[in-house]
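What follows is one structure encoded as structure tokens, with my remarks underneath.
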Amino acid sequence: MKSLLLALLVLAAPLLAQDNAAPALNKAEPAAKKAEPAEQLAHIAEIEIKIDSAEDPFAANPFGGAKLNYLGFLSAVRKAAHDPEIDGIVLKLESYQLGWGRLVELRDALLELRKAGKKVFLYKESYSGVDLILAAAADRVSMPETGMVAMPGLAIEMMYMKGLLDKLHVKFDVVHIGDFKTAGESMVMDKMSDAQKRSLDPILDEFFNTMVSSIASSRGLPEEQVKKLIDKGVFYGAEAQKAGLVDRIEYYDQFVSGMKAMFPGKKVVKSNKFGKGKGPQIDPNNPMAAFSILMQAFMGGAKKPREAGPRIAIIYCTGAITSGKSQYDWTGGISSMGSKTIVKAIDTARKDKDVKAIVLRVNSPGGSALASDMIWRAVARAKEVKPVIASMGDVAASGGYYVSMNANRIFAEPQTLTGSIGVVGMIPNLSEFFPWVGVSMQRLTRGKRAAAFNTMAGMGPEDLEVLRGTMQLLYGDFVAKVAAGRGKTPAEIEPLAQGRVWTGRAAHKNGLVDELGGLRDAIAYAKTKAGLKDDEKVLMMELPRRGGPFEALEQMFGGAEADLDLAMLKRVPELRKMLLRIATYRRVAVDKIAMLNPELDAFLQPANGAAR
């Protein structure tokens with residue numbers, strides 16, 4: 001071995017000597033070249049719009065930059081709008097799982113690019129009506145000659161499972177307080193109730209009018225003309241250009257050439273690093289470097305020194321509300337909002353002296369009444385020492401409204417779904433199912449109500465009345481707390497309650513929310529309310545903090561979606577939605593009484609044309 005090493009050193013010596021040798025003194029120096037004028041550059045940033053439904057911060061990627069969450073994306077867009085080194089923007093519409101509230105907020109953020117004087121380009125092989133809402137930010141919208149624009153309008157589809165449950169001899173005992181509290185309706189009915197129709201019609205009008213007005217203003221078309229185009233539905237290639245829905249029919253190479261032509265005399269340099277953080281630098285000569293980074297990721301990431309300065313805490317209240325800890329599915333997305341997790345996050349922000357204000361970012365259809373009240377109390381304690389501002393995303397209804405209503409100020413987008421001030425109780429009844437499959441039950445009891453909430457026995461008329469009485473008390477408490485938070489009497493709130501769902505625009509008009517605006521508006525208000533100056537640097541502290549991959553693996557089997565993300569179910573989205581709804585009911589039903597929004601998930605996600 002020693003002989004081999006010696007031989008290698010001998011062979012390498014000449015190379016080392018050559019590399020380290022001093023330059024020859026008698027070697028002639030090359031003549032200095034005449035300085036050439038610097039080449040003018042046009043910097044083009046590619047903005048890839050790829051946003052999922054979760055808003056809380058993503059776990060760090062051990063081998064690359066962390067993925068931006070929704071707030072990070074909005075901040076990066078604003079930074080690009082005011083970056084003097086960026087001359088133009090190429091928008092890439094990939095996948096964006098956004099409801100209507102955040103969709104409009106994202107459109108407004110992208111419009112800042114054009115207002116700031118940036119040239120904005122958009123190329124996509126096909127477009128939906130929803131894509132055209134975001135296309136309002138582009139100076140030039142292009143697609144190939146075989147592309148299509150599909151904008152057939154909007155539809156609400158509700159799935160009713162009574163027929164299926166009847167075949168399985170499964171029932172649900174559902175008690176609701178409020179004429180419009182229609183959550184659970186899909187389990188006991190085979191068609192939409194009149195109350196559901198009366199709630200949904202104004203919501204559908206709001207979304208449709210948003211799409212029409214956005215397309216009309218961005219494409220320079222009368223709104224009546226846009227409605228006629230929607231009635232036609234599909235436009236192939238040059239038809240879309242003739243209708244005024246796109247600017248150019250061209251292939252991608254032609255699109256790139258045309259973009260470069262808009263910067264005459266300059267070399268166009270494209271960058272796809274927009275909004276992407278730098279990953280760790282791995283030393284290729286250290287075999288343990290990658291292993292060390294991977295272990296840090298599994299342990300929740302390396303600790304970073306805390307930066308000094310005032311903070312605003314952003315607390316993400318996402319998903320169905322349940323007791324206990326928040327749950328995550330196998331993809332890392334939130335499947336339920338646990339009261340213990342959210343209360344802990346609020347308490348952390350309340351106790352932190354550097355946190356000057358708290359913003360509750362709520363995206364929730366509601367859930368457990370008990371868990372919602374625990375979060376409400378945490379908000380009440382926090383607002384005693386610092387401002388608490390609620391920012392409603394796509395939906396903050398029923399329990400989602402409950403956790404928001406105690407804030408000092410409530411912001412909602414015009415298209416946010418909120419309200420649904422009511423209570424529903426849902427108890428599965430399997431008393432006929434088990435005999436049907438050949439299982440008999442024997443029961444010994446003490447006490448008249450011993451089997452009242454037993455899913456194997458079902459509930460009798462007296463049991464249902466006991467449940468209804470408890471729910472009436474809970475509903476009265478809900479209305480009273482809304483009245484106290486809004487500075488009104490319960491009698492004034494009652495017509496706005498009854499479980500009715502309102503758009504943010506309607507809720508602002510009737511006084512259930514204070515201001516129309518998005519997450520950035522709420523943060524700006526929180527900064528002012530905390531007495532911070534406009535030019536003062538303020539750090540964002542986003543809570544609750546995600547754990548490492550070990551925690552995700554531990555929780556993944558407890559999430560509502562854990563066993564439902566099979567390839568087969570992804571190919572059958574309607575079945576997946578139905579099973580997810582049942583799983584949500586199962587988790588929420590642990591506390592017997594729920595504040596749950598009606599089954600609106602069928603049309604809350606308009607992304608990529610799936611405007612249901």
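The values are calculated or read from the model by the stated rules, or taken from the named source; none is laboratory data. Nothing here was measured: the structure is a model prediction, and the numbers come from that model. FYI the Cβ positions are ideal-geometry reconstructions off the backbone, even for glycines, and counts take in every protein chain you see.
Some notes on this structure:
- Residues of the stretch 187-201 satisfying the condition of being surrounded by 15 or more Cβ atoms within 10 Å (Cβ to Cβ), assigned to a helix (DSSP H, G or I) and out of contact with any helix residue (DSSP H, G or I) (no Cβ under 7 Å at 6 or more places or on another chain): Ala195, Ser199, Leu200
Every residue, every condition in (1) of a type in the set (Val, Ile, Thr); (2) modelled with pLDDT under 95; (3) closer than 23 Å to Ile203 by Cα, yes or no:
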site: Ala483; (1), (2), (3): no, no, no
site: Gly487; (1), (2), (3): no, yes, no
site: Ala491; (1), (2), (3): no, no, no
site: Ala506; (1), (2), (3): no, no, yes
site: Gly511; (1), (2), (3): no, no, yes
site: Leu516; (1), (2), (3): no, no, yes
site: Arg520; (1), (2), (3): no, yes, no
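- Of the strands (runs of 3 or more DSSP E) entirely within the stretch 350-442, those holding at least 3 residues that are within 28 Å of Phe180 (Cβ to Cβ), over 18 Å from the mean Cα position of the chain (by Cα) and not acidic (Asp, Glu) occupy 423-429.
- When Leu164 is tested against the conditions (1) outside the structural domain of Gln254 (by TED's automatic domain parsing); (2) in contact (Cβ under 8 Å) with a residue 40 or more places away in the chain; (3) farther than 25 Å from Ile203 by Cβ, the lone failure is (2).
- Among (1) in a helix (DSSP H, G or I); (2) of a type in the set (A, V, I, L, M, F, W, C); (3) in contact (Cβ under 8 Å) with a residue 12 or more places away in the chain - the single one Ala483 does not satisfy: (3)
- The condition (being closer than 30 Å to Tyr236 by Cβ, assigned to a loop (DSSP other than H, G, I, E, B) and of a type outside the set (Phe, Trp, Tyr)) is satisfied by just one residue among Ala155, Ala183: Ala155.
- Qualifying residue in the stretch 360-368 (condition: in the same structural domain as Ile314 (by TED's automatic domain parsing), closer than 15 Å to Ala320 by Cα and at pLDDT 95 or above): yes
- Any hit, the stretch 434-452, residues being modelled with pLDDT under 90 and in contact with a Lys or Arg (Cβ under 9 Å, 6 or more places away or on another chain): yes
- Condition check for Arg381 on (1) surrounded by 21 or more Cβ atoms within 10 Å (Cβ to Cβ); (2) under 23 Å from Val513 (Cβ atoms): one failure, at (1).
- Number of residues in the stretch 146-200 that are β-branched (Val, Ile, Thr) and over 23 Å from Asn429 (Cα atoms) equals 3.
- Residues of the stretch 336-345 classified as outside any strand (DSSP E or B), of a type in the set (A, V, I, L, M, F, W, C) and either in contact (Cβ under 8 Å) with a residue 60 or more places away in the chain or touching a Gly at 6+ places or on another chain (Cβ under 9 Å) (or both), total: 2
- Only one of Val175, Val226, Val246 that is in the same structural domain as Tyr127 (by TED's automatic domain parsing) and crowded, with 16+ Cβ neighbours inside 10 Å: Val246
- Selection count where residues are farther than 17 Å from Gly460 by Cβ and either among the small types (Gly, Ala, Ser) or out of contact with any His (no Cβ under 7 Å at 6 or more places or on another chain) (or both), scope the stretch 424-435: 2
- Annotation note: Cβ proximity below 8 Å between a residue of the stretch 256-273 that is assigned by TED's automatic domain parsing to the domain that holds Ile89 and a residue that is loosely packed, with under 11 Cβ neighbours inside 10 Å and assigned to a loop (DSSP other than H, G, I, E, B) (sequence gap 6+ or interchain) occurs for Gly265/Gln40; Lys266/Gln40; Lys267/Glu39; Lys267/Gln40.
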